[in-house]
1. Could you please put ASP145, ASP318, ASP207 in sequence from largest to smallest accessible area, using a 1.4 Å probe?
2. Relative to 2.2 N^0.38 Å, what does the C-alpha radius of gyration of the range 446-488 come to as a ratio? Two decimals please.
3. From Cα coordinates alone, what are the radius of gyration and Dmax values for the range 351-401 in angstrom?
4. Tell me, in nm to one decimal, what length is gained between SER104 and ALA408 on full extension, where the rule is 0.36 nm per residue of separation less the Cα-Cα distance?
5. Sort the range 307-390 into rounded, prolate or oblate with this rule: let a ≥ b ≥ c be the square roots of the eigenvalues of the Cα gyration tensor; rounded if a/c is under 1.5, and if a/c is not under 1.5, prolate when a/b is larger than b/c, oblate otherwise.
6. As a test question: what accessible area, to the nearest 10 Å², does VAL191 have when a 1.4 Å probe is rolled over all protein chains in place?
7. Less than 11 Å Cβ to Cβ from GLY196, Lys/Arg counted +1 and Asp/Glu -1: what total charge do the surrounding residues give?
8. What's the local net charge at THR407, with K and R +1, D and E -1, over the other residues with C-beta under 11 Å away?
Amino acid sequence: MPKIEKAVLQNDPSETESGAHKPKTPEQSQEDNTLHLGDHFLESQPEALSITPLTERVNVVSNLSIAHKIIVEEKDLPPNSLESRFVETMYNAFWEHLHEQLSSTPPDFSCALELLKKVKEILLSLLLPRQNRLRNEIEKALDMDLLKQETEHGALNVYHFSKFILDLMSLLCAPVRDEAVQNLKSITDPVQLLRGIFHVLGLMKMDMVNYTIQSLRPYIQEHSVQYERAKFQELLDKQPNLLNYTTKWLTKAAIDLTTPFPSSDSPSFSSSIEYSSPYQERNNSELPSLTMVLYQGYLNLLLWDHGNEEFPETLMMDRIRLREMESKLHRLTILASVLLVARSFSGSVLFSSPEFVDKIKYITKALTEEFNSRPEETMQNVSEQVSEEIHKGLKNMGLTALSSENTASLIGQLQNIAKKGNCIRCIIEQRIHLFLKCCLVRGMQESLLDFPGGLLFIEGELAELGWKFITLMHHNQQVFSPYYTEILNNVILPAQAQETEVEPIL
């Protein structure tokens, strides 16, 4: 077995000078901060940062996160993802205060003036560059200096301005918002009217954002790899130890790949050797390819301990997506285990009926929603329901019913799936990970032609999840391959790497 360098980079700057962190870059700053990337998450420690550099980093992370989300998710941003969520959480007190001000004698229009200023900004942001006439109308009708003078004299006509705003919204909104704008015209309470206007304007702004995303998506997809890599490099230039956790993650993957399994831990099912042979390392005395180490690292993410916060920085933006995939894979493991046990007792005739299989799948999926919190209770319910359905199915087909002994054995084996060490569950889990690894190496189409036994009843669900996984990981590989190559060339001992020429990750 080749020796793998187990000394993983620590937070001590003296241990981060090996150059394994990234490709050649200009001289780095020595700020000792750890920056975590996420969809909407940025942390910095331990030294305090000034506002300007912190704001710059927030902007870089925000732009990187949005671009990444556009690439990996085909759907539009939901209406509650930006403006409306912010409004709901931050402005509730504002509306109550506005009501108090307008109800006082004489009325206080300071909050109303602040709101009209924000409404004006949103209306202007919805205009196209060529819509100069509308721009001039908005500037004239919502002249903030004149409005301020009116409020000082207690003469601000909220209804007058609301009518102008609603007419303009009717002109600018997408057809899907016509009904919402029309409904606002029937509101008589000034506070509720202004609140409704602000809410619908938030939706209109989101419509504009999604329209812009759809227009820019082809361009972003074409240049996404270079853009994401450049933005990450900007962060790395300011934060030289940003790849510490990534280095630990890849080091563990290299160790995992070059450590032989005890014979008792090896997959025992008949098709495992044939199925896994195209990508398993044939000789543990040889160095694994860098790409294979990376793929092992990707698969390890699906078994990640959620209590471990040392998540690789290069995948932090996908952490939530990977956790969702892990959860779905866990549920598919339980589902496939139930189907395998049920088929072994009921026979191939009953399971040749697609309707029966779909019914068992539906029952199992519904009952295993709470598996993580109550595994034993869940599997007891599953065992009772599945055994009952098998009894009905055999009877309806005129087949021999299960004996009391076989029924008890069926229920017992189904209930044992609740145990993590259950042999059937372990085999299914191994086969699922072999399939996903094969997808990474061979591609999806070829892997589907050699689908592993025992998983055929979840082929559709697993193929869909596998496609999402390899698409996400291959995009990550394209973006960060120069960093991964540099790290792994230092993780696998250089002396041995020279004896066996190691190809870079492509």
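1. ASP145, ASP207, ASP318
2. Ratio of Rg to 2.2 N^0.38 Å for the range 446-488: 1.56.
3. 12.2, 39
4. 101.9 nm
5. Cα axes put the range 307-390 in the prolate bin.
6. Solvent-accessible area, nearest 10 Å²: 10 Å².
7. Around GLY196, the surrounding residues sum to +1.
8. Combined, the nearby Lys, Arg, Asp and Glu give -3.
The values are calculated or read from the model by the stated rules, or taken from the named source; none is laboratory data. If you're wondering where the values come from, they're calculated on a predicted model, not measured in any experiment. Ideal geometry is used to build each Cβ from the backbone, glycine not excepted, and the neighbour counts take in all protein chains shown. Accessible surface areas use protein heavy atoms only, side chains included; no ligands, DNA or RNA. Shrake-Rupley method; radii C 1.70, N 1.55, O 1.52, S 1.80 Å.
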